[in-house]
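Below: one structure, written as structure tokens.
The values are calculated or read from the model by the stated rules, or taken from the named source; none is laboratory data. Just so you know, these numbers come straight off a predicted model, no measurement behind them. Every residue, glycine as well, gets a Cβ built from its backbone with ideal geometry; the counts of neighbours run over all protein chains shown.
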Amino acid sequence: MSTPPAIVILGVGALATARRIQPCYEGARVHGLQGRVNDADVAYTELNAHLRELYSSGTPIVALCAAGIVIRCLAPLLANKGVEPPVLAVAEDGSAVVPLRGGLSGVNTMAREIAAALDVPPAITTSGELRFGACVLNPPDGYTLASIDQGKRFVSDLLAGEATRSEGDAPWLDDVQLPRAEDARRAIRVTPLAWSGATDELVIHPRSVVVAVDAKTAGDGLYERSLAAAQEHGLAAQSLAVLLAPLSLASDPALRHAADALQVTLRFTADDAQPARSAGMLSRSLRVPHKTLGAEQAHIAFAVAHAPLAPATVGSARGRLSVIGLGPGDASLMAPAARAALTQATDILGYETYVKMAGPFRAAQRVHGTDNREEMQRARHAFELASEGRHVAMVSSGDPGVFAMAAAVLEALDDARNEPHSAAWAAVELEIVPGVSAALATAAQAGAPLGHDFCMVSLSDNLKPWSIIETRLRHAAEADLVMAFYNPISRARPWQLDKARDIVREFRAPATVVVLGRDIGRPGATLKTTTLSELKSAEVDMRTMVIVGSSTTRAFRLDSSGKEWVYTPRWYE
Ligand code: SAH
């Protein structure tokens with residue numbers, strides 16, 4: 001299954017059953033209602049909205065609650081064609097497993113798997129399944145029906161007493177109790193060739209065809225041209241499994257578009273060989289018998305294997321480097337895009353502490369924790385891994401572009417432009433995913449101290465001379481900007497914060513509001529409001545964010561809760 005299911009629970013009573021289901025699906029997480037379930041993997045605030053969001057995004061749903069509740073939540077979405085992920089209701093004590101939706105996306109298979117894990121019989125209600133012991137219309141991964149409507153007609157013919165024969169390799173049908181007859185008029189045909197439209201056959205396409213293109217094929221219309229070429233050879237679009245292109249085309253958007261439109265996996269060859277040649281050369285990697293279609297001089301050629309292909313065995317993947325920000329620490333403050341990169345990555349790179357914060361990881365994911373302070377070296381390592389076709393997630397806390405790895409990664413790429421490996425690095429799909437930076441997270445805890453113009457300054461003189469820092473502090477103080485100090489102090493830099501405070505004091509009143517946020521978004525977080533004159537470096541360490549207010553920043557305390565709020569108004573007098 002491509003997307004792991006969300007196991008959704010409403011209360012702690014269902015947690016034990018949820019945890020029994022979880023091991024059935026790698027990557028499955030338990031979603032718990034916030035406030036009622038503390039130990040879930042993902043928290044949600046409202047069941048209705050949450051189920052609808054999961055369903056619309058095509059995520060399989062295993063809901064541990066009454067079937068009626070699930071149906072009511074999803075009812076408004078059921079009329080829409082398009083994604084139809086499996087949806088199941090499971091009794092919270094594990095005594096009943098009810099497949100609700102997704103007959104064609106494997107809901108009954110899931111019902112069987114979950115029921116087996118819970119040691120109960122699944123509540124299967126699909127006639128074809130009950131009669132034949134399997135859903136004929138839901139072939140296993142690697143196979144697709146030519147037409148669902150024709151499939152439904154075909155199955156109802158069989159239910160009405162017709163017999164069928166099979167042509168082609170359909171190993172999963174061997175154990176299915178179909179009414180068979182060698183001379184039957186009806187046939188189940190497993191073939192990469194397109195369905196003729198005949199109503200007495202059920203055509204199932206194995207995803208067994210590689211489309212190989214060359215650099216000359218690139219550009220707009222690649223999708224249409226590939227489809228037309230497939231049609232010329234009589235191949236069904238649903239049989240296509242892989243679009244194979246030279247790596248030099250990796251960043252051509254037309255290629256991505258064509259792969260998405262054809263619903264195939266994009267894979268790459270290292271050279272610009274003729275498509276027919278690269279399709280022909282697949283014999284070594286495919287390890288299954290196949291034939292090549294397409295003339296030597298054609299720009300599009302096909303390799304047709306005898307069985308469904310595992311795309312990962314064809315050519316190599318385009319490497320990816322996701323430079324992500326984890327936010328301050330709390331998982332709820334991490335952008336979903338960063339979470340997605342962490343889930344998909346094959347390799348995770350970063351400081352030991354941050355890597356720990358980003359986990360846990362699957363056993364198959366390689367974790368390269370490092371204490372290496374040499375940022376450029378780490379950036380180059382990330383590109384080396386990614387250019388081998390791996391998906392690397394490089395983690396920083398907060399935002400990766402704020403005193404963190406993103407700049408080093410771009411600098412490494414920039415520096416490499418004249419190196420021999422530049423083409424391989426340039427082919428890497430690079431993305432930078434923003435995060436909630438420490439200044440923003442701390443400000444939100446305190447209120448809105450950054451409500452007006454502000455600046456972010458790192459007090460570390462490891463990478464820049466202290467004289468520059470002093471000049472900036474002076475100008476920022478004179479300009480009456482609110483200031484967020486990153487890296488305010490460390491054992492090796494004990495005096496810098498006091499010096500910075502003294503500089504700001506030359507321009508700002510002693511009563512200027514100062515916010516100290518330590519370990520914000522992490523266990524043991526503390527938040528303190530003080531003033532410029534009382535700011536002591538003993539209260540600050542390298543895990544602290546120091547926000548120095550402007551002349552207009554103010555603080556007030558609510559009588560009722562005692563909570564102190566800090567804000568900088570958006571206007572000046
Ligand atoms: N990329 C990070 C900043 C890295 S510099 C970001 O955008 O947040 C490291 C400094 O950030 C620390 O010395 C501290 O000043 C601040 N910092 C990082 N995480 C913090 C947290 N959770 N709470 C308070 N300050 C934090």
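Hey, can you tell me all the residues within the range 188-231 that are surrounded by fewer than 19 Cβ atoms within 10 Å (Cβ to Cβ), over 22 Å from Leu266 (Cα atoms) and of a type in the set (Asp, Glu)?
The one that is surrounded by fewer than 19 Cβ atoms within 10 Å (Cβ to Cβ), over 22 Å from Leu266 (Cα atoms) and of a type in the set (Asp, Glu): Asp200.
Name the pairs whose Cβ atoms lie under 8 Å apart, with the first residue in the range 381-392 and assigned by TED's automatic domain parsing to the domain that holds Pro420 and free of Cβ contacts under 8 Å to residues at least 40 places away in the same chain, the second surrounded by fewer than 19 Cβ atoms within 10 Å (Cβ to Cβ) and not charged (D, E, K, R), and 6 or more positions between them or separate chains?
Between residues of the range 381-392 that are assigned by TED's automatic domain parsing to the domain that holds Pro420 and free of Cβ contacts under 8 Å to residues at least 40 places away in the same chain and residues that are surrounded by fewer than 19 Cβ atoms within 10 Å (Cβ to Cβ) and not charged (D, E, K, R), the close pairs are His381/His368.
Only one of (1) under 23 Å from Gly327 (Cα atoms); (2) more than 16 Å from the ligand (Cβ to nearest atom); (3) in the same structural domain as Lys536 (by TED's automatic domain parsing) is not met by Ala484, so which one is it?
Looking at each condition in turn, Ala484 falls short on (2).
Here is a check on your reading of the model: is Asp461 within 16 Å of the ligand (Cβ to nearest atom) and either surrounded by fewer than 18 Cβ atoms within 10 Å (Cβ to Cβ) or over 21 Å from Val436 (Cα atoms) (or both)?
Criteria met by Asp461.
For residues in the range 68-101 being in contact (Cβ under 8 Å) with a residue 24 or more places away in the chain and part of a helix (DSSP H, G or I), which is surrounded by the most Cβ atoms within 10 Å (Cβ to Cβ)?
Val70
Determine whether Val392 is within 16 Å of the ligand (Cβ to nearest atom) and modelled with pLDDT of 95 or more.
Criteria not met by Val392.
Which condition number in (1) in contact with an Asp or Glu (Cβ under 6 Å, 6 or more places away or on another chain); (2) under 30 Å from Phe132 (Cα atoms) is the one that Val107 fails?
(1)
Check Ser147, Ser156 and return the single one that is touching a residue at least 40 places away in the same chain (Cβ under 8 Å), outside the structural domain of Gln238 (by TED's automatic domain parsing) and on the phi < 0 side of the Ramachandran plot.
None of the other options fit; the residue is Ser147.
Inspect the range 352-370 for any residue being surrounded by 14 or more Cβ atoms within 10 Å (Cβ to Cβ), of a type in the set (S, T, N, Q), touching a helix residue (DSSP H, G or I) at 6+ places or on another chain (Cβ under 7 Å) and outside the structural domain of Arg543 (by TED's automatic domain parsing) and give the result as yes or no.
yes
Working only within the range 331-351, note down all residues that are part of a helix (DSSP H, G or I) and crowded, with 22+ Cβ neighbours inside 10 Å.
The answer is Ala338, Ala341.
Return a yes/no flag: does the range 58-81 have any residue that is out of contact with any helix residue (DSSP H, G or I) (no Cβ under 6 Å at 6 or more places or on another chain), more than 15 Å from Ala6 (Cα to Cα) and of a type in the set (S, T, N, Q).
Looking through the range 58-81, at least one residue is out of contact with any helix residue (DSSP H, G or I) (no Cβ under 6 Å at 6 or more places or on another chain), more than 15 Å from Ala6 (Cα to Cα) and of a type in the set (S, T, N, Q).
Identify, from the list Ala448, Ala438, the residue that is within 16 Å of the ligand (Cβ to nearest atom) and of a type in the set (A, V, I, L, M, F, W, C).
From the options Ala448, Ala438, the qualifying one is Ala438.
Do we find that Leu104 is surrounded by fewer than 20 Cβ atoms within 10 Å (Cβ to Cβ) and closer than 25 Å to Tyr143 by Cβ in this structure?
Here the answer is yes, as Leu104 does meet what is asked.
Check the range 464-479 and report whether any residue there is more than 16 Å from the ligand (Cβ to nearest atom), more than 22 Å from Ala404 (Cα to Cα) and of a type in the set (Asp, Glu).
yes
Collect the residues in the range 98-129 that are touching a Gly at 6+ places or on another chain (Cβ under 9 Å) and on the phi > 0 side of the Ramachandran plot, keeping them in residue-number order.
Asp119
Could you tell me whether the range 107-118 includes any residue that is part of a loop (DSSP other than H, G, I, E, B), surrounded by 15 or more Cβ atoms within 10 Å (Cβ to Cβ) and not basic (Lys, Arg)?
no
Restricting to the range 375-389, give me the number of residues that are within 16 Å of the ligand (Cβ to nearest atom) and over 14 Å from Ile348 (Cα atoms).
The qualifying residues number 1.
For the range 143-158, indicate whether the set of residues that are assigned to a loop (DSSP other than H, G, I, E, B), over 30 Å from Ala16 (Cα atoms) and out of contact with any Gly (no Cβ under 6 Å at 6 or more places or on another chain) is non-empty.
Within the range 143-158, one or more residues are assigned to a loop (DSSP other than H, G, I, E, B), over 30 Å from Ala16 (Cα atoms) and out of contact with any Gly (no Cβ under 6 Å at 6 or more places or on another chain).
Under the condition of being near the ligand (Cβ under 9 Å from one of its atoms) and surrounded by 20 or more Cβ atoms within 10 Å (Cβ to Cβ), which residue from the range 488-506 is farthest from Gly325 (Cα to Cα)?
Ile489
Residues Arg284, Arg277, Arg318: which one is modelled with pLDDT of 85 or more and either part of a loop (DSSP other than H, G, I, E, B) or more than 30 Å from Phe403 (Cβ to Cβ) (or both)?
Result of the check over Arg284, Arg277, Arg318: Arg318.
With the structure loaded, tell me whether Arg417 is of a type in the set (Lys, Arg) and under 30 Å from Pro253 (Cα atoms) or whether it fails that test.
yes
Determine the pairs where a residue that is modelled with pLDDT under 95, located within the range 530-545, has a partner that is away from the ligand (no atom under 13 Å from the Cβ) with Cβ atoms under 6 Å apart, the partner being 6 or more residues away or on another chain.
Pairs found: Ser537/Asp498.
Val209: touching a residue at least 40 places away in the same chain (Cβ under 8 Å) and within 26 Å of Ser156 (Cα to Cα), yes or no?
no
Please find, within the range 507-551, the residue that is farthest from the ligand (Cβ to nearest atom) out of those that are of a type in the set (S, T, N, Q) and in a loop (DSSP other than H, G, I, E, B).
Checked the range 507-551; the qualifying residue farthest from the ligand (Cβ to nearest atom) is Ser551.
Would you confirm, using the coordinates I've provided, whether Ala412 is at pLDDT below 95 and either surrounded by 20 or more Cβ atoms within 10 Å (Cβ to Cβ) or more than 16 Å from the ligand (Cβ to nearest atom) (or both)?
It is false that Ala412 is at pLDDT below 95 and either surrounded by 20 or more Cβ atoms within 10 Å (Cβ to Cβ) or more than 16 Å from the ligand (Cβ to nearest atom) (or both).
Here are the criteria: (1) surrounded by 13 or more Cβ atoms within 10 Å (Cβ to Cβ); (2) of a type in the set (Asp, Glu); (3) out of contact with any strand residue (DSSP E or B) (no Cβ under 8 Å at 6 or more places or on another chain). Tell me which single one Glu46 does not satisfy.
For Glu46, the failing item is (1).
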